[in-house]
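The values are calculated or read from the model by the stated rules, or taken from the named source; none is laboratory data. All values derive from a computational prediction rather than experimental measurement. Neighbour counts run over all protein chains shown; Cβ positions are idealised from the backbone, glycine included.
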C-alpha cells in the first residue's frame, strides 16, 4: 500500500480516536491476531461469496460460505461482521443455528463439539448497509464515491475492515486457500475482483453475475471488489526468461470521456515490463496462472489487493506507484508478515521496489536522486522500523518509519552484500522459502546471513529494532603518503543505539583524481590510516549515499598526526599493501589485541600480538579489510589493508 494525499488522515485518526482498528473484545487494544479466542479454533480453507452490490452505496446482500477445518475441539464458531449488517440466517453443515452478537463479533453455538481435524461448512445469509467511506484508508470497508462524474464503489479492508462487508476471520496468519467471488450487479456495471473471471451469467432484472476465482492462498484483507461502469483495457505480457510464457494484464479504467489518456495508457502498458523485471529479481510473479491488473479509483495511493490492485489515478503520472503496488504481490501478498509489528517486510520492500524500478528504467542518477529523497524522509530521530505499538494504525503505517526507513534498511542490506547479485539471491530465497505463507524479520536475517556468509546481528539489531540514525563528522590529515582519517559518530538516540556499526565509503579527493576507500566504523571515535601518493585536497563521507545518515563538519586537522600515544608517525607500519599472500605489520605495542575484519564487520582473523605479525591474505577475497589494534595505554587505531 502506498499512501499519498491521505497521510494527514492517519495522523487525524491517531489524534482524535486512537485508531480505527479497535479490538472490540479487548477494550482499547488493537486486534493483533484474532478478535476473539474462538476464531483460533479453526483454519479457513475456502470462501464462496454470492453477493449483490451497487456502485452508489454500501448496500450488500447475499451469502458467504466458509469451509474450514477445526484446529482444536470447538463448540462455538465465531466470526466478525459489522453489527449494522443484519444476519438473516446461518447454517453450520447445512443446519440452521442461532447467532449471538456482541459488537461486531458473531458466535454460533454448535449442536455438538467438532473434534480437531474436522472439516465443516458455515454459511451466513445477510444484508444491510454500513457507514460509507469516501476513499480514505482505514476508515470504512466500502467506499462509494463520485470522481469527476464517474460513480464507483470499491472495498478497502486493510487493516480490520473486511467485516464491513463480509462475515470474516480477520487474522493475517490464516490465509484462505482459494476463493470464489460471485458478485451480481446491474448490467450497466462491471464487478472486478481477485483471480480470473471464469464466467459472466445473465441474471433476472437486468443484472449480471461476475464469477471470479482465485486458486492461490490469500489473506483476508487482500480480498477485494470494485463496482463501476468500467471500461476494460487488457493485454498479454511476455516473460523474457526464455520460457515464452505470457500472462494477462487486466485493467479496469474510467469510461468517462478523456479520462483514459495516452499518458494513462502508457503507464498501464509499462506494468508488463515491470512484472517481467521484478520476476527476474525476486522469482516469477507468484500468481502467474491468473493475472495482474488494476481497478482505477480516486484513492490517494494504491492498495495491493492480490492480483488486482485498487489504484489511484496518480499512477498515471508517476509509475513508481504502479511499481510499489506491484512489488507488494511478492512483498506482503505472496509472503505476508507474520504479525503487524513486522509490516516493514511488506511496506519497506514495496517502497524499495520503487527504487528498483527507477534504477532499471531511469538510470543511475535518477536512482541516486530517488534514494536521497527517501533517506531525507526517513531521518526521524526516534522510532524503530519494527512497530512497537500495534494498537495504533498510525504507528503501523507510519510513513517515515515503516515505508521510508524500511526502504532505507533494504537498500543498506543490499549495500552490505559481498556482491550485488547475492542480495537478489537473498530475495529470491526468501520468496521461495516462504511462498504462500508468512515470515518474520528473523527469517530474512537468517537467509541473508547464510547467503552473505557473515553475522548480521548488529545490522538488524540497530537498524530494524533500534532507533535513530548516525551523524558523521570527520577530520583528515596527510603526511607524505600517509593519510589519517578520524571519524566521529553521534546518533540521534544514543540510549537506543550508541554507535551504528557500518562500512563507510570515503572519497579521497585530489587534483589528480579521486579514490574511494571503504572503512568499517564501529566506535564513536575511530582513526584510520591509509596510504595515498596523491596530494589530498579533501574527503567526502558516503559519496554514493548508501548509508542513512546526516553529516557534520569535515575539516583538515594536522594535529591528528601528532596526538600523544597514537600509532602514526611510523610507530605502526604495514607492507606490502596491497598484498597477495600476507601483510607484514611491524611496531605493534606489547600484548595488543589485533583483529582483521572484512567490510561487513565480520572478524576474519584475530590474535594477541607484539612487535611484528604476518597476517595471512592468500585465502581472502579481494577487497578492503580493517586491521584494528587495541593495547593498554594506547589509543585504538585501524589500518586499511587491501588484498
Test of understanding: among 389, 369, which residue is in contact with a helix residue (DSSP H, G or I) (Cβ under 9 Å, 6 or more places away or on another chain), in a loop (DSSP other than H, G, I, E, B) and free of Cβ contacts under 8 Å to residues at least 24 places away in the same chain?
389
Is it the case that segment 90-105 has a residue that's in a loop (DSSP other than H, G, I, E, B) and touching a residue at least 40 places away in the same chain (Cβ under 8 Å)?
yes
Quick one: is residue 221 in contact with a helix residue (DSSP H, G or I) (Cβ under 7 Å, 6 or more places away or on another chain), farther than 30 Å from residue 340 by Cα and at pLDDT 95 or above?
no
Filtered residues of segment 599-617 (kept if modelled with pLDDT under 85 and either in a loop (DSSP other than H, G, I, E, B) or buried (at least 18 other Cβ atoms within 10 Å of the Cβ) (or both)):
599, 600, 601, 602
Here is a list: 435, 493. Which entry is out of contact with any helix residue (DSSP H, G or I) (no Cβ under 9 Å at 6 or more places or on another chain), assigned to a loop (DSSP other than H, G, I, E, B) and in the same structural domain as residue 285 (by TED's automatic domain parsing)?
435
Which residue pairs have Cβ atoms under 7 Å apart, sit 6 or more places apart or on different chains, and have a first residue in segment 556-578 that is in a loop (DSSP other than H, G, I, E, B) and a second that is at pLDDT below 90 and loosely packed, with under 12 Cβ neighbours inside 10 Å?
565/633
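Quick check on segment 275-282. Is at least one of its residues surrounded by 24 or more Cβ atoms within 10 Å (Cβ to Cβ) and at pLDDT 95 or above?
Yes, segment 275-282 has at least one match.
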Of everything in segment 330-366, what is part of a helix (DSSP H, G or I) and more than 19 Å from residue 1 (Cα to Cα)? Give them in sequence order.
359, 360, 361, 362, 364, 365, 366
For residue 451, all conditions in the list (1) crowded, with 19+ Cβ neighbours inside 10 Å; (2) part of a loop (DSSP other than H, G, I, E, B); (3) assigned by TED's automatic domain parsing to the domain that holds residue 383 hold save one; what is the number of the exception?
(2)
If I ask for residues that are without any contact (Cβ under 8 Å) to a residue 60 or more places away in the chain and assigned to a strand (DSSP E or B), which ones from segment 511-529 would you list?
515, 516, 521, 525
Within segment 575-606, count every residue that is under 43 Å from the mean Cα position of the chain (by Cα) and at positive phi.
1
Sole residue being outside any loop (DSSP other than H, G, I, E, B), crowded, with 16+ Cβ neighbours inside 10 Å and in the same structural domain as residue 553 (by TED's automatic domain parsing), chosen from 444, 508
508
For segment 334-353, which positions are within 21 Å of residue 311 (Cβ to Cβ) and within 11 Å of the chain's Cα centre (by Cα)?
336, 343, 346, 347, 348, 349, 350, 351, 352, 353
Residues that are farther than 23 Å from residue 55 by Cα, in a helix (DSSP H, G or I), out of contact with any strand residue (DSSP E or B) (no Cβ under 8 Å at 6 or more places or on another chain) and not assigned by TED's automatic domain parsing to the domain that holds residue 59: does segment 238-245 have at least one?
no
Mind checking which residues of segment 387-407 are closer than 17 Å to residue 351 by Cα and surrounded by fewer than 20 Cβ atoms within 10 Å (Cβ to Cβ)?
400
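Considering 105, 96, 92, which residue is closer than 30 Å to residue 398 by Cα and either in contact with a strand residue (DSSP E or B) (Cβ under 6 Å, 6 or more places away or on another chain) or crowded, with 17+ Cβ neighbours inside 10 Å (or both)?
105
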Could you count how many residues in segment 318-337 are at pLDDT 95 or above and more than 14 Å from residue 278 (Cβ to Cβ)?
3
